[in-house]
Each structure stands twice: as structure tokens, then as C-alpha cells.
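The values are calculated or read from the model by the stated rules, or taken from the named source; none is laboratory data. All of these numbers come straight from a predicted model, not from anything done at the bench. Heads up, the Cβs are rebuilt from the backbone with ideal geometry, glycines too, and the neighbour counts pull from every protein chain shown.
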Amino acid sequence: MRLYEGMFIISDTIAGADWEGAVKHIQDLLKNKGAEILDTQKWDERKFAYKLKGHKRGTYLLIYFNAPEDSIIHMKRDLQLSDNVLRSLIVKTDKIRESKPEDTEKPEEEPVATESEDTSPAPVASE
């Protein structure tokens with residue numbers, strides 16, 4: 001068994017109508033070929049630069065899973081035949097990457113000069 005990362009683009013009509021069903025469909029396709037699902041993350045819905053199978057938008061799904069190396073070819077074939085999946089990409093990975101937290105800290109701003117500080121121009125030397 002090896003760790004894989006799969007990125008799937010799901011049809012916008014399917015994702016909008018039955019997101020849980022679409023995710024379960026993809027997970028079932030993977031499990032039928034011997035995969036063990038470790039993590040599932042929903043990404044954004046995005047507009048495409050060009051149409052994919054007649055769709056202008058799609059929702060991205062990231063899945064980390066363990067699977068036998070010889071089963072990946074069969075998974076890719078099943079995903080290509082699925083009407084729910086517009087595109088898929090499966091790559092080997094070493095570790096599961098955590099998704100970025102939504103509440104990221106803002107960098108500290110530089111302090112602003114107050115009236116109590118001396119902000120007058122420096123004296124000009126005269127000859």
C-alpha cells in the first residue's frame with residue numbers, strides 16, 4: 001500500500017444538487033479498487049478557462065488515500081468513465097498536507113508617529 005493524493009473536479013450541477021452523494025460516489029470508486037480513504041477536503045467551486053465536458057464551472061475535491069500501486073490504473077479508468085467527475089489527477093505523496101487555516105494572522109503594522117514625538121525638520125546649516 002502506498003499513500004496517494006487525488007484531486008477531482010466534480011460537475012457543478014452534481015455538486016450543487018447532491019454534494020455528499022458525489023463525494024460518496026468517488027470514495028466508492030476508490031474503495032472498490034482496494035483504497036483506504038484517509039482524508040477528504042472540499043475545495044472551492046471555480047470557473048474554468050474553457051469548457052470541460054460542456055461545463056463552465058466545477059467544484060474541486062482533494063482526497064488522500066492508501067492503495068496498492070497496481071490498482072491506480074483501474075481507478076483512473078473508472079474515474080474517466082464517471083459522469084460526475086470532469087477531471088482527476090492522482091499522484092504519489094509522502095505525507096498528508098493540512099489545509100490552510102482560514103484565520104491567518106495579519107503581520108504587525110509599523111507604529112505611526114504621534115504628536116509627542118519631535119517631527120520638526122532638522123535645522124539647515126548656513127554659511
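Only residues that are surrounded by 13 or more Cβ atoms within 10 Å (Cβ to Cβ), farther than 19 Å from Gln27 by Cβ and without any contact (Cβ under 8 Å) to a residue 24 or more places away in the chain were counted in the stretch 47-94, giving 1. Being surrounded by fewer than 21 Cβ atoms within 10 Å (Cβ to Cβ) and within 16 Å of the chain's Cα centre (by Cα) is the filter; apply it to the stretch 5-16 and report the residue that is nearest to Leu89 (Cα to Cα). That would be Met7. Looking across the stretch 25-65, the residues that are farther than 25 Å from Glu98 by Cβ and of a type in the set (Gly, Ala, Ser) come down to Gly34, Ala49, Gly54.
The set of residues from the stretch 1-41 being part of a strand (DSSP E or B), at pLDDT 90 or above and either more than 11 Å from Asn66 (Cα to Cα) or among the aromatic types (Phe, Trp, Tyr) (or both) comprises Tyr4, Met7, Phe8, Ile9, Ile10, Thr40, Gln41. Scanning the stretch 48-96 for residues that are farther than 21 Å from Gly21 by Cα and either assigned to a helix (DSSP H, G or I) or polar (S, T, N, Q) (or both) gives Asn66, Glu69, Asp70, Ser71, Ile72, Ile73, His74, Thr93.
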